[in-house]
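These notes concern the structure reproduced below.
Only the coordinates and a few stated rules stand behind these numbers; no lab work does. Just so you know, these numbers come straight off a predicted model, no measurement behind them. Positions of Cβ are generated from backbone atoms using ideal geometry, with glycine treated the same way; all protein chains shown enter the neighbour counts.
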Amino acid sequence: MSHDGADLARSSTPPKRVRNAAATREAILRSAVIAFTRHGYDGVGVREIAQSAGVTAMLVNRYFGSKEQLFTEAVDTAFAPRTVLSDNPATLAGDVAARLVERTAPESEHLDPFLLMLRSASNPRAAEIVRAGVERHAGRYLSELLEGPDADERAMLAHSVIAGFWLMRKMLGSTALVTADPDELTRRLEALLVIALSPSREK
């Protein structure tokens, strides 16, 4: 998933006033991404998102139809940027490992799309929307970048490694991962990703 939620972090203070339809829609969507990332699908309502965007709940529903549709577009916005993925298959594993170690460092303050995924997973419908969004954006991008058989399977296996590492180091604060030498951690993570991304020798 290198632009980051940089777009998310940069927009952590939504504008209070919007002046036209495009700006209104963008402000609502930006507020929704931030709110869903911080609180999950069930933890925030349309009213709170509207207030943050400087509009009314009625206007949010006018632009997006429902909270579910707003969440769907927020997921697309959050996962469309290639947060840790690169576009070079030859250096992909190393690039991802280095970026992931940097983004999960204790001092890192990224508003990460993985948080949106984690905090919305308890709601079955929201989890389905997130899964589809991940597969539609990061999964598809990575599978198209890979060569050989089982590209979809390898892409999602790599994403599982990425998500698991992010969860253990950033969210749970595993002492071993937090205090490990970053260069050594990057090398080990790269080795795991090489295995996940490589086609099976039997095929």
(request) Note down the nm distance, to one decimal, between modelled labels 7 Å out along Cα→Cβ at Glu153 and at Glu107. (result) 4.3
(message) Give me the extension gain from Thr56 to Glu128: residue separation times 0.36 nm, minus the current Cα-Cα distance, reported in nm with one decimal.
(response) 23.1 nm
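If R₀ is 25 angstrom, what is the calculated FRET efficiency for the pair Thr179 and Ala121, using the beta carbon separation as r and rounding to 0.05?
On the way: r = 28 Å, r/R0 = 1.11.
So the FRET efficiency works out to roughly 0.35.
From the Cα gyration tensor of the stretch 89-197, with a ≥ b ≥ c the square roots of its eigenvalues, which class applies: rounded if a/c is under 1.5, or else prolate if a/b is larger than b/c, or else oblate? Let's see the in-between values first.
On the way: a/c = 2.18, a/b = 1.09, b/c = 2.01.
Cα axes put the stretch 89-197 in the oblate bin.
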(message) Quick check on packing: order 157-165, 183-191, 72-80 by the mean number of other C-beta atoms within 10 Å, highest mean leading.
(response) 72-80, 157-165, 183-191
(request) Compute the signed sum of charges (Lys and Arg +1, Asp and Glu -1) over the other residues within less than 12 Å, Cβ to Cβ, of Leu185. (result) -2
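Would you compute, from DSSP H runs of 4+ residues alone, the mean residue ellipticity of the chain at 222 nm, taking -39500 (n - 2.57) per run and dividing by the full residue count, rounded to the nearest 500? Please list the in-between numbers first.
Numbers: 12 runs with 128 residues, N = 203.
Theoretical 222 nm ellipticity from helices: -19000 deg cm²/dmol.
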(message) Could you sort the peptides 137-149, 113-125 by per-residue average Cβ neighbour count (10 Å cutoff), highest mean leading?
(response) 113-125, 137-149
(request) Give, in nm to one decimal, the length gained when the segment between Leu172 and Tyr63 is fully stretched (0.36 nm per residue of separation minus the Cα-Cα distance). (result) 35.5 nm
(request) Please label the shape of the stretch 44-137 as rounded, prolate or oblate, based on the square roots a ≥ b ≥ c of the eigenvalues of the alpha-carbon gyration tensor (a/c under 1.5 means rounded; beyond that, a/b larger than b/c means prolate, else oblate). (result) prolate
(request) Any chance you could run the full-extension gain for Glu135 through Arg47? It's 0.36 nm times the residue separation minus the Cα-Cα distance, nm to one decimal. (result) 28.7 nm
